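Novice: To start, I am sharing the structure in question, which I have written as structure tokens.
The values are calculated or read from the model by the stated rules, or taken from the named source; none is laboratory data. Since this is a predicted model, take the numbers as computed values, not measurements. Note: ideal-geometry Cβ built from the backbone for every residue, glycine included; neighbour counts use all protein chains shown.
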Amino acid sequence: MHRAWVLLIVIEEGFALAQKIKETQNAGESLSNAEQCGQWTRNINGGLFTSPNYPNSYPPNKECVYILEALPRQRIQLAFDKTYYIENSFECRFDHIEIRDGPFGFSPLIDRFCGAKSPGVVTSTGRFMWIKFTSDEELEGLGFRVKYTFIADPDFHLHVGGLLNPIPDCQFEISGSDGVIRSSQVEEEDKIKNGDALDCIWTIRAPPQSKIYLRFLEYQMEHSNECKKNFVAVYDGSSAIENLKAKFCSTVANDVMLDTGVGVVRMWADENSRLSRFRMLFTSFVDPPCSSSTFFCHSNMCINNSLVCNGVQNCVYPWDENHCKGLK
């Protein structure tokens with residue numbers, strides 16, 4: 001549990017840092033060099049960025065982070081110019097450009113590059129790419145210029161003419177003091193066809209001034225630790241990537257406490273992961289002090305009195321179901 005909370009903190013800090021990076025507003029606009037050393041960008045038409053001062057030598061002691069975001073069902077492709085030089089070193093330990101397959105500094109590493117040979121073309125496997133350029137205090141080089149474009153993700157099937165299939169209409173809305181979200185609802189309501197990949201969203205809306213506590217009742221990923229095949233993601237406030245609170249694809253899923261009254265749960269399972277499933281209890285709560293209509297959970301949350309002794313543990317700890325014998 002401790003490791004899980006540490007991971008969530010790291011994720012939150014990663015997005016907090018990314019949100020501080022100025023977004024590019026105009027499609028095709030360059031990320032620029034010395035004036036803007038690092039950005040989060042969603043330019044739908046692509047663009048370019050360079051090392052600081054390019055085509056002159058980059059300065060010492062510089063660190064620039066770029067986070068690229070494509071549309072759903074797209075990948076990112078980088079094309080480096082041949083005019084390129086970053087100080088060479090063993091395993092690129094000094095000056096280098098580091099590229100990761102995702103939006104975080106701990107996303108899977110694609111590679112580190114340095115020396116005189118241009119990286120050429122580098123492609124992501126998903127819709128995000130994290131790029132960091134680092135220079136130390138000595139031996140600067142010419143640097144790099146790279147163009148980025150967004151290409152169709154070949155993992156998704158295409159219509160004739162190259163138009164992408166729309167994501168299936170697999171969305172659910174749920175609200176109230178508590179309730180259960182379950183993946184079996186997809187089959188029960190015939191949201192997708194047999195043999196199709198599953199990509200479904202549940203939106204939870206708590207009463208006004210309330211927040212949301214989520215607890216897994218059942219969780220199983222058919223291909224554990226393979227996030228590209230199946231996962232359950234939780235967003236806090238909206239489904240925007242900046243609001244990603246947690247993403248589960250291993251053998252264990254932990255409780256999630258949201259800071260807002262809107263939660264979004266997304267489940268993805270490819271065609272070969274249809275045995276993946278989950279059930280999740282949501283509970284609406286307010287912060288203490290508790291009013292006469294709420295019950296204090298001994299965990300900094302007040303739940304509606306109607307949830308006490310209802311046979312379901314709505315608090316983080318089972319205080320709401322203790323001492324219930326003979327009451328109901």
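Novice: Among the strands (runs of 3 or more DSSP E) contained in segment 169-229, which hold 1 or more residues that are within 16 Å of Ser273 (Cβ to Cβ)?
Specialist: 198-205, 211-220
Novice: What number of residues within segment 225-265 satisfy the criterion of being hydroxyl-bearing (Ser, Thr, Tyr) and either closer than 22 Å to Phe128 by Cα or buried (at least 20 other Cβ atoms within 10 Å of the Cβ) (or both)?
Specialist: Here the count works out to 4.
Novice: Of everything in segment 195-236, what is more than 19 Å from Asn254 (Cα to Cα) and touching a helix residue (DSSP H, G or I) at 6+ places or on another chain (Cβ under 9 Å)? Give them in sequence order.
Specialist: Leu198, Cys200
Novice: To continue, here is another question. Select from segment 96-134 the residues that are within 17 Å of Leu48 (Cα to Cα), surrounded by 17 or more Cβ atoms within 10 Å (Cβ to Cβ) and among the small types (Gly, Ala, Ser) and list them in ascending order.
Specialist: Selection gives Ser118, Ser124.
Novice: Determine which member of the set Ala246, Ala253 is at pLDDT below 90, under 21 Å from Tyr317 (Cβ atoms) and not charged (D, E, K, R).
Specialist: The match here is Ala246.
Novice: For segment 27-45, what are the residues that are closer than 17 Å to Phe144 by Cα and either in a loop (DSSP other than H, G, I, E, B) or modelled with pLDDT of 85 or more (or both)?
Specialist: Ser30, Leu31, Ser32, Asn33, Ala34, Glu35, Gln36, Cys37
Novice: Here's something else I'd like to know. Which one of these does Ser276 not meet: (1) in the same structural domain as Tyr235 (by TED's automatic domain parsing); (2) at pLDDT 95 or above?
Specialist: With respect to (1) in the same structural domain as Tyr235 (by TED's automatic domain parsing); (2) at pLDDT 95 or above, Ser276 is out only on (2).
Novice: Is it the case that segment 56-79 has a residue that's closer than 18 Å to Val122 by Cβ and among the charged types (D, E, K, R)?
Specialist: Yes: segment 56-79 contains one or more residues that are closer than 18 Å to Val122 by Cβ and among the charged types (D, E, K, R).
Novice: Which condition number in (1) more than 24 Å from Met257 (Cβ to Cβ); (2) modelled with pLDDT of 85 or more; (3) β-branched (Val, Ile, Thr); (4) surrounded by fewer than 18 Cβ atoms within 10 Å (Cβ to Cβ) is the one that Ile167 fails?
Specialist: (2)
Novice: Would you tally the residues in segment 193-211 being among the acidic types (Asp, Glu) and under 22 Å from Val262 (Cα atoms)?
Specialist: Of the residues in segment 193-211, 1 are among the acidic types (Asp, Glu) and under 22 Å from Val262 (Cα atoms).
Novice: Taking the residues in segment 279-323 that are surrounded by fewer than 15 Cβ atoms within 10 Å (Cβ to Cβ) and more than 29 Å from Val252 (Cβ to Cβ) as candidates, determine which candidate is modelled with the lowest pLDDT.
Specialist: If we take residues in segment 279-323 being surrounded by fewer than 15 Cβ atoms within 10 Å (Cβ to Cβ) and more than 29 Å from Val252 (Cβ to Cβ), then His323 is modelled with the lowest pLDDT.
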